[in-house]
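Colleague: Got a structure for you, written out below as structure tokens; questions coming shortly.
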Amino acid sequence: MKRFDLRYLKDDFYTRMLELLDKQITPEETAIILFEIGDFSHIQKSADVVYEAGYTLMNSLKFNEVDWTIVVKKTKPELKIIVEESEKDE
């Protein structure tokens, strides 16, 4: 398990996060990544970026008043099941 502090990058941490996951984490290894919350859109976007890169988001939590922590495992994520609104009503 490795820990990476990306708070200094403010809103522009996604590229560096993926670079670290690609190059510094071995298959099946876990990474703890800290970033600054800013507006809360970064929380969902970080989860989407992790999933789209082919990794598994294990946990996502508020670290303190301004920082967020995600735990990512370098394994393929489970498939997302998206249910269309019209299918929910049936």
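Please treat every number below as a calculation from the coordinates, not as lab data. Predicted, not measured: the structure shown is a model, and the values here were computed from it. Here the Cβ positions follow ideal geometry from the backbone for every residue, glycine too, while neighbour counts run over all protein chains shown.
Colleague: Restricting attention to region 28-52, which residues are of a type in the set (Gly, Ala, Ser), touching a residue at least 12 places away in the same chain (Cβ under 8 Å) and not in a loop (DSSP other than H, G, I, E, B)?
Modeller: Our first condition is that a residue be of a type in the set (Gly, Ala, Ser); within region 28-52, this holds for 31, 38, 41, 46-47.
Okay, now just the ones that are also touching a residue at least 12 places away in the same chain (Cβ under 8 Å), so 31, 38, 46-47.
Across region 28-52, the qualifying residues are ALA31, SER46, ALA47.
Colleague: So which residues in region 13-27 are assigned to a helix (DSSP H, G or I) and either out of contact with any Ser or Thr (no Cβ under 9 Å at 6 or more places or on another chain) or farther than 18 Å from SER41 by Cβ (or both), if there are any at all? Give the derivation first.
Modeller: Of all residues in region 13-27, those assigned to a helix (DSSP H, G or I) come to 14-24.
Correct list: THR15, ARG16, LEU18, GLU19, LEU20, LEU21, ASP22, LYS23, GLN24.
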